[in-house]
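One structure below.
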Amino acid sequence: MVKNKIIKTNSILLDIRNLLQSARTNVLKQVNNIMVVTYFKIGKRIVEEEQKGNKRAGYGEKLIVELSKKLTKEFGKGFSITNLKQMRTFYIKYKKSQTVFDQFKLSWSHYLKLISIDDEQERKFYEIESEKNNWSVRELQRQFDSALYTRLSLSRNKKKVLELSKKGQLIKEPQDVIKDPYILEFVGLDEKESYSETELETAIINKLEDFLLELGKGFTFVARQQRISFNDKHFYCDLVFYNRILKSFVLIDLKIGELKHQDIGQMQMYVNYYDRNVRLPEENKTIGIILCRDKNEAVVEYTLPENSKNIFTSKYQTVLPNKKQLQKLLQNKK
């Protein structure tokens, strides 16, 4: 009898804890929304006042300096000259939006990063993806630094690129999840260091959460070194994932050198095996991705069957390139 009472009490406690945590989360979201909207309105007011005095040299700068002094004295920290300028920029970059109260779903820290992105379509993409995927500011910064928008844009036509800025990344076909190159700076392996495929695989597994972020939406980890056997012969696929959106297995093989035609043939064998022996009737065809340090496009073209839609080859880098290197890397793909 006493035991049943304890069980019932624990159940009630769990329910109440969930209610309180949900309430706390909602309160934080509301407070954040109010703060962001308030900063937007402050920015708007500053811009309106600056426009009134636009004939006076340096009026805007003097206005912000004076506001900073008085607001800091009355309300404390948070109203430095830099912060007020950021609020002004925030309004200028988001004033075209229709409904102010409904549009801001991220934290002020997210918007501080977003307003530093000049291209409006790119900025909208990262805003949508941050909200849909619940990215932290660190994750948003990492995706921006690795040029996610640019990498996805290069494999799409103009209509698809415009779609990125309106709806974010939509995954409907296997090629929608592919990036080229993949940036694996989180594994901690130096770009010039000599290492084996096993070491790269282990480094990825040790940083699996980061690798899933780089892979993109809908990926769950299934296995490493998955054995595929034919009679007395055994082969091992480096990494196996499942994409819940595409409802497909995704097989990944790692190659530390230049891609060879045998590597593509081996991946074709892995994909065929999974399609015939592992996937269920209601699941879609298996996807194969070969990550290599370097590749010859002609080798890929002539090794893969024509109109192949399920096997892909992508380069990877283990060091995040600087801006110049990244621009060169992406220009070479155009």
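The values are calculated or read from the model by the stated rules, or taken from the named source; none is laboratory data. Predicted model, so just to flag it, every value in this text is computed and none were measured. When we count neighbours, we look across all protein chains shown, and the Cβ atoms used for this are built from the backbone with ideal geometry, even at glycine. Only protein heavy atoms, including side chains, enter the accessible area calculation; ligands, DNA and RNA are left aside. Shrake-Rupley method; radii C 1.70, N 1.55, O 1.52, S 1.80 Å.
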*Can Thr89 be described as over 30 Å from Thr318 (Cα atoms), open to solvent by 30 Å² or more (accessible area, probe 1.4 Å), part of a helix (DSSP H, G or I) and touching a Ser or Thr at 6+ places or on another chain (Cβ under 8 Å)?*
no
*Could you tell me which of the residues Asn231, Asn296, Asn272 is at positive phi, surrounded by fewer than 16 Cβ atoms within 10 Å (Cβ to Cβ) and more than 20 Å from the chain's Cα centre (by Cα)?*
Asn231
*Return the only residue of Val27, Val100 being under 26 Å from Tyr126 (Cα atoms), open to solvent by 70 Å² or more (accessible area, probe 1.4 Å) and modelled with pLDDT under 85.*
Val27
_So, in the range 252-268, exactly how many residues are surrounded by 15 or more Cβ atoms within 10 Å (Cβ to Cβ), out of contact with any Gly (no Cβ under 8 Å at 6 or more places or on another chain) and touching a residue at least 40 places away in the same chain (Cβ under 8 Å)?_
5
*Spot the failing condition for Phe249; the list is (1) surrounded by 15 or more Cβ atoms within 10 Å (Cβ to Cβ); (2) not in a strand (DSSP E or B), and only one is missed.*
(2)
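Residue by residue through the range 299-308, note down the ones that are assigned to a loop (DSSP other than H, G, I, E, B) and surrounded by fewer than 17 Cβ atoms within 10 Å (Cβ to Cβ).
Pro305, Glu306, Asn307, Ser308
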*asked:* Quick check on the range 33-55: of everything there that is more than 14 Å from Lys85 (Cα to Cα) and touching a helix residue (DSSP H, G or I) at 6+ places or on another chain (Cβ under 7 Å), which residue is surrounded by the most Cβ atoms within 10 Å (Cβ to Cβ)?
replied: Val36
*How many of the residues making up the range 203-228 are in a strand (DSSP E or B), touching a helix residue (DSSP H, G or I) at 6+ places or on another chain (Cβ under 9 Å) and open to solvent by 10 Å² or more (accessible area, probe 1.4 Å)?*
6
_Index of the failed condition, Lys315 passing every other in (1) in contact with a strand residue (DSSP E or B) (Cβ under 8 Å, 6 or more places away or on another chain); (2) at pLDDT 90 or above_ = (2)
*Mind counting the residues in the range 133-169 that are modelled with pLDDT under 80, of a type outside the set (Gly, Ala, Ser) and in a loop (DSSP other than H, G, I, E, B)?*
3
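Look at the range 182-202 and say how many of its residues are touching a residue at least 12 places away in the same chain (Cβ under 8 Å) and either part of a loop (DSSP other than H, G, I, E, B) or more than 20 Å from the chain's Cα centre (by Cα) (or both).
Counting residues in the range 182-202 that are touching a residue at least 12 places away in the same chain (Cβ under 8 Å) and either part of a loop (DSSP other than H, G, I, E, B) or more than 20 Å from the chain's Cα centre (by Cα) (or both) gives 10.
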*Could you grab me the full set of residues in the range 235-246 that are surrounded by fewer than 15 Cβ atoms within 10 Å (Cβ to Cβ) and in contact (Cβ under 8 Å) with a residue 40 or more places away in the chain?*
Ile245
*Tally, over the range 73-84, of residues that are more than 14 Å from Tyr111 (Cβ to Cβ) and in a helix (DSSP H, G or I)*: 6
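Checking the conditions here, which among Lys172, Lys179 is crowded, with 18+ Cβ neighbours inside 10 Å, under 28 Å from Ser130 (Cα atoms) and either basic (Lys, Arg) or free of Cβ contacts under 8 Å to residues at least 24 places away in the same chain (or both)?
Of Lys172, Lys179, the one residue that is crowded, with 18+ Cβ neighbours inside 10 Å, under 28 Å from Ser130 (Cα atoms) and either basic (Lys, Arg) or free of Cβ contacts under 8 Å to residues at least 24 places away in the same chain (or both) is Lys179.
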*Do you know which of the residues in the range 103-131 that are of a type in the set (A, V, I, L, M) and open to solvent by less than 20 Å² (accessible area, probe 1.4 Å) is farthest from the chain's Cα centre (by Cα)?*
Ile115
_Search result, residues across the range 56-71 that are in a helix (DSSP H, G or I) and either modelled with pLDDT under 80 or of a type in the set (A, V, I, L, M, F, W, C) (or both)_ = Tyr59, Gly60, Leu63, Ile64, Val65, Leu67, Leu71
